[in-house]
Structure formats: C-alpha cells, structure tokens
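Quick notes on the structure that follows.
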Amino acid sequence: MTLKGSDLFVRALENEGVQYIFAVPGEENLDLLESLRNSSIELIINRHEQAAGFMAATYGRLTGRVGVCLSTLGPGATNLVTAAAYAQLGGMPMLMISGQKPIKSSKQGLFQIIDTVDLMRPLTKYTRQISNANTIPAKLREAVRLAQEERPGAVHLELPEDIAAEHAETDTHIFNPSDARRPTASVKSLERAADMIRGARRPLIMIGAGANRKRVSRALIHFVESTGIPFFTTQMGKGVVDERHPRYLGNAALSAGDFLHCAIDHADLVVNVGHDVVEKPPFFMQPGGKEVIHINFSGADVDPVYFPQLEVVGDIANSVEWLAEHCGTCENHDFGSFMSVKRSVEEHLSERIHDDRFPIIPQRIVHDVREVMPEDGIIALDNGMYKIWFARNYKAYDNNTVLLDNALASMGAGLPSAMAAAMLYPHQKIMAVCGDGGFMMNSQELETAVRLNLNLVILLINDSAYGMIKWKQAQDGFPDYGLDYDNPDFVDYAHAYGATGHRVTSADGLSDTLSNALNAGGVHLVDVPVDYSENQRVFNEELANLTCQL
C-alpha cells in the first residue's frame, strides 16, 4: 500500500524524532493536519505564525534538535520571516513548513501566491518546494541535516496541497538520520594556539554563543582551571561557565567603554571560544593591537572589527579540551590587572541593588529576579533596555538559563521563548522578562500559554515607551519625540486570557510577588513600573568618565 504525501511527510518527521509542531494552519495544510492527527507528534496551535517560529527556534536552541513550525501560504508564510531570521542569525536549528496552492492544476489564479521559496532564500540554509511526493523523504532529511549541522540555522520546505494528497511510489523509503561526528581541528593549529597562549603575558578567554553546549562547558571549566586564565562572556555566551567562578570577569553587554573593556584593553591575547560576527561585537579589534585566536566550528567571517590571527576550526569541545591538556599553567602570565578589573566590576554591579525608589530602578529589578530564581531557573529576555541591564548584572549559573537574542535582537520573542522552555522543562522555574513594547507584539500568546497549562511568570517591565530608543535619542542629542504610547491595564489584560495578573506598587513588593507567582504554578503576569533614569547616570555619565586606570 502506498502512502500519500502528507502521511509520508509525517512519518519522516517522526523518524527524525520530532515531538512538536508549532502552527497556525490554513486550508492548504489540511491533508498534513489529518496525517498529524494520527501521529505521535503533538500539534501546538499558536495565535500568530511569528510566535510559532520563535517557539520552534527556542526548542532547537535548547535541545539541539530541529524545532518545527507550520504555516499556510502567502500571509502565513510571510509571518514566519522574522522567526526565520531569528533562528538563522541565532544559530538555532528550525524547520519551517509552509503550504501552497496546487501546483499541477489550480483554478484560483495567483490568489495569495508569492514565491515563498525565494523569499526564504536569504534567511535560510536550505529552501525548497516539494514537487513530487516521491522526493519528500530525501528533501526532509536534507533539510533537517542542514538545520542541525554547524552552524545551525533555519531551513524551509513548501508542501503544495496537491503534493500532500498525492500517493508516492511503492519503493519510496524514509532515510535515517546520520550519526556523523563533527570534524576535529588540525593538530598544527592547536599546537600554534597553545604556543600563543603560553607566550602571551595577559591572555583572556572570551566565551560566545557557539560555546553554549554542555560538552563545551565542561571543557572550558577544565581549560580555565588548568591554565588559570580569566574569562568573560558575550551576551549570548552567558552561563556557559558558572559566573560565580573566581576567574569570571563579567559580561560584554556593550561593545566598548564598559568596566570590562578595561580588562580587554590590558589583554595581549584574546582566546575567542564560540563567538562570531553575527553576535553584536563585544569589543573592536584594531590593526596592530591585541592578537585573537578564533576557536569555533567554522572559520571566521572577516570584518573590519574582527580579523583573528589564528583560526582553530573544528569541534569546539575537542579543541578546548586539547588546549586544557597541553597548555599547562604558565609562570609568564600576569593576571593582576584583570583581577583589579574584576573587583571594580563587582563593586559597580553591587551599587543600588537595594534602592527602594518607585518606579523601580533596573539594578533592583535584576537583583530581585536573581534572588528569587533557583540555580536551574530560566529567564527568557525580550529585547529592550532591560536586556543590557540583565546581561551585565544578572549572573547565570548554567548553560541556557539566560535566553536572549543579540544577533537579530528581535522584539516579541521573549514570551514565546519562555513558553517553549516551560514546555520542555515543566518542573523548572521559568520567567519571561519583557518590556511593554515587546510583550504587546506577541501578547496574544497568553491564550496559548494558558491553554497549554504552562507554569510561567511574565515579568513585564513597564515604561509606556520604546525605552531603548528613547535612551539613544537622548544620547544623540535629539529632543524627546515619537516614542511614547499608552498601554492597557495589564492586570485586567492577563485576567481576560485566564492568567493571573499582579501589579507591583513598591520596590519592597517585587521580590515577594515574583516568588509567590513562581511557586503558585500556572501563568502569571507581573506588571512592574520601571525608572530608567539610571540609564543616563550609568551608561552616559559613569562609563563616559571611566578612564580604565584599573
């Protein structure tokens, strides 16, 4: 008995280990929906395709396996575009499936039809239309392979309505996933890296997004402890090594001019583990300045601010473990200036964490969130001014316990990302940290979260404005214009969706409100007015006056 295309597609997805499909279906997907109804895959219905894509991408980020999302043709597919870019730039394995009108015979002209395959081409590693049911297994296997291979990213398959209903030939078979291992770096490049590390006076380790893997974490801890070299992280490298480690200096939330950059300025060698130029630069290279070793799964994209002198290309964990075994502790190294910077960073970050002003200042918000979150608790940050505060001030204790995006840096991803984490880890404490602007871009997913019976707290940082842009506007000397708006009553808004709303009315009330919400279970929204006047004092004045004489 032959299988129709949609059944074959779903069986191939099952063979890849797919657990969930996040979806906003349309009529062109109906055969596929029927095939899913009789499958082991759970269909998660979202309220917007962008949110479905964000959830699929975050599933990929947290598991290393491909996350899958589904849309119809035309406007459904275009709504996946931001999520495609989010996964592609963020290195998250994601498969997008979009529907299409029949391609062999259609009586609807060009109604709703766009060239979705070409639309996705600049945003994906692979995009194809399936034009014959017999080719479904091969195209799906290739798409998943490319999505999961380093560097991971987005892929797209278009399944037309008539191909989904078409029966494949009897000899069509499903391909098993490959167990191919990542290649290892050459011994020659590793030996040269070890020589550069031993020969440096003030080497410094930088940890980026590509290192956010359990095996890499273990190797990096071994490397740091065997060599004694201090380390710092990019925003997307937070938590790869426990940030309570005595050799942790801080997070490069800004590209230049922060306390941490005093240490970077002192370094004569930066050992870059897992960072590439898709992430916002944590520092700028200068010709004739410090040397940089690039350790990553793939070679460095040359950029005016990033041009490493040595590239160690291969499996990161293997490369770092080799260096840990072969570099040794070097008497030539001098870390005194780094430790001085560490003390200054710690002192700076402890300022005003108990400030009782209301609306609440960012330092107090970050401090109280860290206090109530357990070691394995996960925060998912949307994009806004608070992201810089959390990147600098919030210490992460483990991999992927701080989910943020500093590649595409899209607003609207915080809530769906937290929802994906809550689905995967129902017994851990999960918190979405959103500004009012970013939250409202996908706030309809509150209904999805409630329907899925998730345990999730949304910390809504409320300034009734696009706060980061207001800060930049003031920084650039422009008058305050065009960035303020009104909000709904967020407590009533949460209740309308069946969630529980809370309004914080004093600084002292924040910690207890968050703690109670985390422990109660279910979906909770906590509305917290924020005082962003500290942006000016800290980032425009204090850091501007920093002379790096540390």
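The values are calculated or read from the model by the stated rules, or taken from the named source; none is laboratory data. Treat the numbers as computed from the prediction; the structure is a model and nothing was measured. Positions of Cβ are backbone-derived with ideal geometry, glycine not excepted, and every protein chain shown enters the neighbour counts.
When the range 293-310 is filtered for residues that are over 22 Å from residue 88 (Cβ atoms) and surrounded by fewer than 24 Cβ atoms within 10 Å (Cβ to Cβ), the ones remaining, listed by number, are 304, 307, 308, 309, 310. Output the residues belonging to the range 455-496 that are more than 20 Å from residue 529 (Cα to Cα) and of a type in the set (S, T, N, Q). Within the range 455-496, 455, 473, 475 meet the criteria. When the range 27-43 is filtered for residues that are assigned to a strand (DSSP E or B) and over 15 Å from residue 72 (Cα atoms), only 42 remains. Between 399, 383, the distinction of being in a loop (DSSP other than H, G, I, E, B), touching a Gly at 6+ places or on another chain (Cβ under 9 Å), of a type outside the set (Gly, Ala, Ser) and surrounded by fewer than 20 Cβ atoms within 10 Å (Cβ to Cβ) belongs to 399 only. Within the range 472-490, is even one residue without any contact (Cβ under 8 Å) to a residue 24 or more places away in the chain, over 28 Å from residue 398 (Cα atoms) and either under 25 Å from the mean Cα position of the chain (by Cα) or not assigned by TED's automatic domain parsing to the domain that holds residue 373 (or both)? So far as the range 472-490 goes, yes, one or more of its residues are without any contact (Cβ under 8 Å) to a residue 24 or more places away in the chain, over 28 Å from residue 398 (Cα atoms) and either under 25 Å from the mean Cα position of the chain (by Cα) or not assigned by TED's automatic domain parsing to the domain that holds residue 373 (or both).
Between 52, 57, which is in contact with a strand residue (DSSP E or B) (Cβ under 7 Å, 6 or more places away or on another chain), crowded, with 24+ Cβ neighbours inside 10 Å and either more than 18 Å from residue 404 (Cβ to Cβ) or without any contact (Cβ under 8 Å) to a residue 40 or more places away in the chain (or both)? Only one candidate qualifies: 52.
Each row is one residue, and each column tells you yes or no for (1) of a type outside the set (A, V, I, L, M); (2) in a strand (DSSP E or B); (3) under 26 Å from the mean Cα position of the chain (by Cα); (4) buried (at least 21 other Cβ atoms within 10 Å of the Cβ).
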site	(1), (2), (3), (4)
515	yes, no, yes, no
524	yes, yes, yes, yes
527	yes, yes, yes, yes
536	yes, no, no, no
544	no, no, no, no
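With respect to (1) in contact (Cβ under 8 Å) with a residue 60 or more places away in the chain; (2) assigned to a loop (DSSP other than H, G, I, E, B), the lone exception for residue 286 is condition (1).
Among the candidates 369, 292, the residue that is in contact (Cβ under 8 Å) with a residue 12 or more places away in the chain, assigned to a helix (DSSP H, G or I) and among the aliphatic types (A, V, I, L, M) is uniquely 369. Applying the criterion of being among the polar types (S, T, N, Q) and surrounded by fewer than 24 Cβ atoms within 10 Å (Cβ to Cβ) to the residues of the range 73-96, the residue that is nearest to residue 178 (Cα to Cα) is 82. Within the range 306-325, one or more residues are over 23 Å from the mean Cα position of the chain (by Cα), in the same structural domain as residue 206 (by TED's automatic domain parsing), farther than 24 Å from residue 182 by Cβ and not in a helix (DSSP H, G or I).
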